[in-house]
1. Identify the single condition in (1) of a type in the set (S, T, N, Q); (2) assigned to a loop (DSSP other than H, G, I, E, B); (3) in contact with an Asp or Glu (Cβ under 8 Å, 6 or more places away or on another chain) that THR141 does not satisfy, given that it satisfies every other one.
2. For ARG132, indicate whether it is crowded, with 22+ Cβ neighbours inside 10 Å and either under 25 Å from GLY188 (Cα atoms) or within 16 Å of the ligand (Cβ to nearest atom) (or both).
3. Pairs only if they're at least six apart or on different chains, beta carbon under 6 angstrom, first in the range 92-103 and within 14 Å of ARG63 (Cβ to Cβ), second more than 16 Å from the ligand (Cβ to nearest atom) and outside any strand (DSSP E or B); list them, first residue then second.
4. Under the condition of being touching a residue at least 24 places away in the same chain (Cβ under 8 Å) and surrounded by fewer than 18 Cβ atoms within 10 Å (Cβ to Cβ), which residue from the range 30-42 is nearest to the ligand (Cβ to nearest atom)?
5. Exactly one condition in (1) part of a loop (DSSP other than H, G, I, E, B); (2) without any contact (Cβ under 8 Å) to a residue 40 or more places away in the chain is not met by ASP177; state its number.
6. Restricting to the range 81-96, count the residues that are out of contact with any Phe, Trp or Tyr (no Cβ under 7 Å at 6 or more places or on another chain) and either among the aliphatic types (A, V, I, L, M) or outside any helix (DSSP H, G or I) (or both).
7. Being farther than 21 Å from ARG172 by Cβ, out of contact with any Leu (no Cβ under 7 Å at 6 or more places or on another chain) and not in a helix (DSSP H, G or I) is the requirement here; does GLY99 meet it?
8. Kindly indicate whether any position in the range 148-156 is over 26 Å from ALA36 (Cα atoms), in contact with a helix residue (DSSP H, G or I) (Cβ under 8 Å, 6 or more places away or on another chain) and surrounded by 14 or more Cβ atoms within 10 Å (Cβ to Cβ).
Amino acid sequence: MSVDRILKGLFRFQKRVYPKHRDLFQKLALGQRPQALFITCADSRIDPCMLTQTKPGELFICRIVGNIVPPYPDAIGGVSATIEYAVGVLGVPDVIVCGHTDCGVLKGVMNPEPLEPLTSVSAWLSYAQPARKAAASQEPTHSGPEFLLALTERNVIEQLGNLRTHPLVAARLAQGDLQLHGWVYDLGEGLVTAYDNDQQAFVPLERPEPTLRAGRRS
Ligand SMILES: [Zn+2]
């Protein structure tokens, strides 16, 4: 795909899509109140808004290879600033860390040699090493699709743990007004599993009961 196709899409948006949603965009031009911070991989196959059927203004999105959240105060920069802004300024009620199947970055964690010349990627992937070790202790085989899935799930759990080390996240959790969620998105099937603390496992997300939905913040 060339940039021409991207430009065609932009012009189509301006001519056909924007006019249909003019009120929403003009309201959003005055401010935002997103409902969640959504931290996911930069992988081009993930579209958080399509996946969650959310509109502009509803998700504050942090895209980062491997959906990695360095523990505070390591690697202060874009990820930590995005978390601070979402949690401390915008006051999002929920944070979702969303991993995904067939993650090239996590394949690199399993097989690091080809990525060694890429010093930034290699350094970043060190934050997924605790997940690799934890997955290796659970899975008898240390390669193949089963191990990659175990690593993907464990990586989400580890990054949720790292998220809790960020001071504003810890403060909001202590106040009881912030919820953390760990998801894994199956790209080919469109399915999402979520980490269940009681079961200590990723389980398919179920449609919320109407009463629960009515009780949620709108
Ligand atoms: Zn990925």
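1. (3)
2. No.
3. That search, which allows pairs on different chains as well, returns VAL97/LEU160.
4. GLN32
5. It fails just one condition, (2).
6. Number of matching residues: 8.
7. Yes: the conditions hold for GLY99.
8. Within the range 148-156 (the criterion being over 26 Å from ALA36 (Cα atoms), in contact with a helix residue (DSSP H, G or I) (Cβ under 8 Å, 6 or more places away or on another chain) and surrounded by 14 or more Cβ atoms within 10 Å (Cβ to Cβ)), the answer is yes, since at least one residue qualifies.
Quick note: the coordinates plus some simple rules give every number you see, no bench work behind them. Just so we're clear, the structure is a prediction, and the values are computed from it rather than from any experiment. Cβ coordinates were reconstructed from backbone atoms using ideal geometry, including for glycine residues, and neighbour counts include every protein chain displayed.
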